[in-house]
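Before anything else, here's the structure in question.
Only the coordinates and a few stated rules stand behind these numbers; no lab work does. All values reported here derive from a predicted model rather than from experimental measurement. Every residue, glycine as well, gets a Cβ built from its backbone with ideal geometry; the counts of neighbours run over all protein chains shown.
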Amino acid sequence: MGARVRVVLQSRLSSSRLPGKAMLSVAGRPMVVLAAQRAGNAGHDVVVATSDRAEDDVIASACADAGVAVVRGPLDDPLARFVIATKDLADEDVVVRLTADNVVPDGALVDFLVTALAGRGYARFGGDDPLLPYGVAGEAFSVAALRDADARATEASDREHVTPMIRATHGDRRLDVPALEPAWAGLRCTVDTFDDFVRIARVFGSVADPMTTPWRALCDEVAARGTVTPLPVRRENPIGQAALVLGTVQLGLAYGAANSAGMPSAADAADVLAAARDAGVTHLDTARAYGESEARIGHALARGLSEHVGIVTKVAPLADGDGADAVRASVEKSLRLLGASALDALLLHRAADWTRPGVVDALGEYPARLVGASLSTPDELVALLADPRCGYVQLPFNVLDRRWLAPEVQDALAARPDVVVTVRSAYLQGLLVSGEARWPANAGLDPVEVLASLDAAVSELGRASRADLCTSYVLGHAWVTSVVAGAETPGQVRENAMLVRNTPLHPDEIARVHELLPAGPADLVDPSRWRNA
């Protein structure tokens, strides 16, 4: 008779980051139950090891109701709980250690671990493996190794983490899982925050059978919803803003020349924000004037998004006669809607408001790391850069816009490398990437000719698409910190994240773009000046 195998899942209700997560419902059952059932779906014996504290009675009850075996022991001594859970086994039998907050591992992964152990004292997969999703992890060891560790482990950390003494004695043998998918690197398949829970619950809600869906298929599903691979940070900046900022005007208004679907629903907006988090976006760009945007962001921030992104928001445009009090009223409403105690950047919506008495001082009264303005013209940029209080600017720039390349503008930018420069309208609100968008009446250029020239540049420079060319052109300018791009779907977020990871155009390629594409007049390249047909 071969060695017996027992899977032991440790679980407790008193998680420090997400209390009670073991009882959160995934696929219609408590997470601890789902983890145990998936671990046993190849026929292995499974035991949940929880604490003997009264608060963990609910875990024991839920498992008993589902027919899952439970043992209980000291809260602060998981190693002792493992010994209790395996007291009926022989020394040569095998223990597989899983945790109840990781519901992706299944019986096939347990089989892989047991086979790979092959008489050794210890083996593991995952944990710190950068090629595996975080949360697809497990350890296997002999019962003899477990009992030896229990006899010798005296440090609290050794007993809390169960296996340090086993690894020290038998060697830390990390297993290579065959045929790993590149898209899995950096994924989060664990549940450590509320955002994690929402993501995993949606993944399991999308599969036909949560009990038997293979772990690899679940990883593919998580990957399809975005990765957490960090986005590039192009210029050192005090807020760590990456090359892509998610513009959120589309989440609060029906916005953009290429928008045919209107404002997304609240649920769709939440999916876009989750996709931004998963894509590695560091900052969201919003404004008091963006309709429901701040409120929708605030809802997501309260559900865990605040751990992943910073906020850049803009004061409502000031009316004639408005001053510091109007700024205060706008900012205080933004902070309430966002539920935020601090902002990474607080901007005026119009650069002209910067010179109003008391306005900039009013910005400084609030917990924002940087203050600045959204602007439209090179003259406004030069004036703002001359003020040392300005640390952040947002401006329109694209393949048709040569205004910002004038020597006096470049000199002003060179003198302020500390200022974060975020570019909007890289696609001219969709005009440059969609043949269906309606161009303004005062465009001053033939859209058919412009798009044909753009396609010629895409082909000649070997770019993947118009969007790729437009993005790589903007990021080819060293003074640009980031591109702000809106999205109406999670897929658009992922596409934009992919684009900013592509190689920017080098100076010779930028020069060629200038040869192929005309310079657009100010009425076209600045959307604030557009007139309807």
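What is the helix-to-structure angle for 266-278, meaning the angle in degrees between its Cα long axis and the longest Cα principal axis of the chain, kept from 0 to 90 and rounded to the nearest 10?
Long axis of 266-278 versus the principal axis of the chain: about 80 degrees.
Further, regarding this structure: With Kirkwood's inverse mean 1/r over C-alpha pairs for Rh, give me the Rg to Rh ratio of the stretch 5-224, two decimals please.
Working: Rg = 16.2 Å, Rh = 17.3 Å.
Dividing the radius of gyration by the Kirkwood radius yields 0.94.
Given ALA217, THR193, GLY205, which one lies farthest toward the positive end of the charge dipole of the stretch 177-237, if we put +1 on the Cβ of every Lys and Arg and -1 on the Cβ of every Asp and Glu?
Result: THR193, furthest along the dipole toward the positive end.
Under 24 Å between alpha carbons, and skipping anything fewer than 8 positions from LYS314 in its own chain: which lysines qualify?
LYS333
Give me the extension gain from ASP320 to GLU92: residue separation times 0.36 nm, minus the current Cα-Cα distance, reported in nm with one decimal.
Here the segment from ASP320 to GLU92 would lengthen by 73.8 nm.
Right, something else. To the nearest 500 deg cm²/dmol, what mean residue ellipticity at 222 nm is calculated for the chain from DSSP H runs of n ≥ 4 alone, each contributing -39,500 (n - 2.57), summed and divided by the residues?
Working: 21 runs with 195 residues, N = 533.
For the chain, the value works out to -10500 deg cm²/dmol.
Using the C-alpha atoms of the chain, what convex hull volume per residue, in cubic angstrom, is computed? Please report the intermediate quantities before stating the final value.
Numbers: hull volume 92.3 nm³, N = 533.
It comes to 173 Å³ per residue, whole-number rounded.
How many angstrom lie between the C-alpha centres of the stretch 459-533 and the stretch 267-290?
Cα centroid to Cα centroid, the span is 20 Å.
Whole-Hz ³J(HN,Hα) for each residue in the stretch 416-424, computed from phi via Karplus 6.51 cos²θ - 1.76 cosθ + 1.60 with θ = phi - 60°, x for glycine and proline: what do you get?
Karplus values, whole Hz, x for Gly and Pro: 10, x, 7, 7, 6, 10, 9, 9, 10.
Of the DSSP beta bridges with both residues in the chain, give the percent that are antiparallel, rounding to the nearest 5.
20
At 7 Å along the Cα-to-beta-carbon direction for both ARG173 and ASP446, put a label point, then send me their distance in nm to one decimal.
Output for this residue pair reads 7.3 nm.
Working from Cα positions, state the angle (0 to 90°, nearest 10) between the long axis of helix 107-117 and the longest principal axis of the chain.
Helix 107-117 and the main axis of the chain meet at about 70 degrees.
Follow-up question, since we're still on this one. Please work out, to two decimal places, the log10 of the ratio I(q)/I(0) at q = 0.12 Å⁻¹ from a Debye calculation in which every Cα of the stretch 1-68 carries one identical scatterer.
Taking Cα atoms of the stretch 1-68 as identical point scatterers yields -0.31.
Here is a further query. Given 0.36 nm per residue, what is the gain on full extension from HIS506 to ALA522 after removing their alpha carbon distance, in nm?
On the way: separation 16, 0.36 × 16 = 5.76 nm, distance 2.51 nm.
Between HIS506 and ALA522, full extension yields an extra 3.2 nm.
Summing +1 for each Lys or Arg and -1 for each Asp or Glu, what net charge is found among the other residues whose Cβ lies under 15 Å from the Cβ of LEU461? Display every interim value, and only then the final one.
Details: positive: ARG463, ARG466, ARG512; negative: ASP455, GLU460, ASP468, ASP508, GLU509, GLU515.
That works out to -3.
Give the residues of the stretch 461-492 whose amide nitrogen is closer than 15 Å to a point set 7 Å from the Cα of SER265 in the direction of its Cβ.
So the set is 489-490.
Something else about it: Quick one: which residues, 5 or more positions from LYS314 or on another chain, have an amide H under 5 Å from its amide H? H modelled 1.01 Å from N in the peptide plane, none for Pro or chain starts.
For LYS314, whose amide H was placed from the backbone, the distant partners under 5 Å are THR286, ALA287, ARG288, LEU347.
Calculated FRET efficiency, GLU365 and THR489, Cβ-Cβ r, R0 45 Å, to nearest 0.05? All intermediate terms of the calculation are to be shown ahead of the outcome.
Numbers: r = 38 Å, r/R0 = 0.84.
Approximately 0.75, to the nearest 0.05.
Put a dot 7 Å past each Cα toward the Cβ at SER341 and ALA156; how far apart are the dots in nm?
Reported label-point gap for ALA156 and SER341 is 2.6 nm.
Could you give each residue of the stretch 71-84 its phi-based ³J(HN,Hα) in whole Hz, using Karplus coefficients 6.51, -1.76, 1.60 with θ = phi - 60°, and x for Gly or Pro?
Result, ordered by residue: 10, 9, x, x, 4, 8, 9, x, 4, 5, 5, 5, 5, 4 Hz.
Right, next: Over all distinct alpha-carbon pairs, what is the Kirkwood Rh of the stretch 278-339 in angstrom? Could the numbers behind the result be given before it?
Working: mean 1/r = 0.0812 Å⁻¹.
So the Kirkwood estimate lands at 12.3 Å.
Cα to Cα, under 17 Å, and not fewer than 8 places away if on the same chain: which lysines meet these conditions relative to LYS21?
Cα-Cα hits under 17 Å: none found.
Go through the stretch 478-494 residue by residue and turn each phi into a ³J(HN,Hα) via Karplus (6.51, -1.76, 1.60, θ = phi - 60°); whole Hz please, and just put x for glycine and proline.
Using θ = phi - 60°, the values come out as 4, 7, 8, 7, 8, 10, 9, 9, x, 7, 9, 9, x, x, 5, 4, 5 Hz.
Above 19 angstrom, tally the Cα pairs of the stretch 386-533 and express them as a % of all pairs, no decimals. The partial results should precede the final answer.
Details: 5744 of 10878 pairs.
Tail fraction, whole percent: 53.
Between HIS514 and GLU307, what length comes free when the chain is fully extended (0.36 nm per residue of separation minus the Cα-Cα distance, one decimal in nm)? Each step should come with its number before you reach the end.
Values: separation 207, 0.36 × 207 = 74.52 nm, distance 4.15 nm.
Going from the current span to full extension adds 70.4 nm.
Which distance in nm do the two modelled labels at ARG389 and ASP111 give, with both placed 7 Å along the Cα-to-Cβ direction?
Output for this residue pair reads 6.9 nm.
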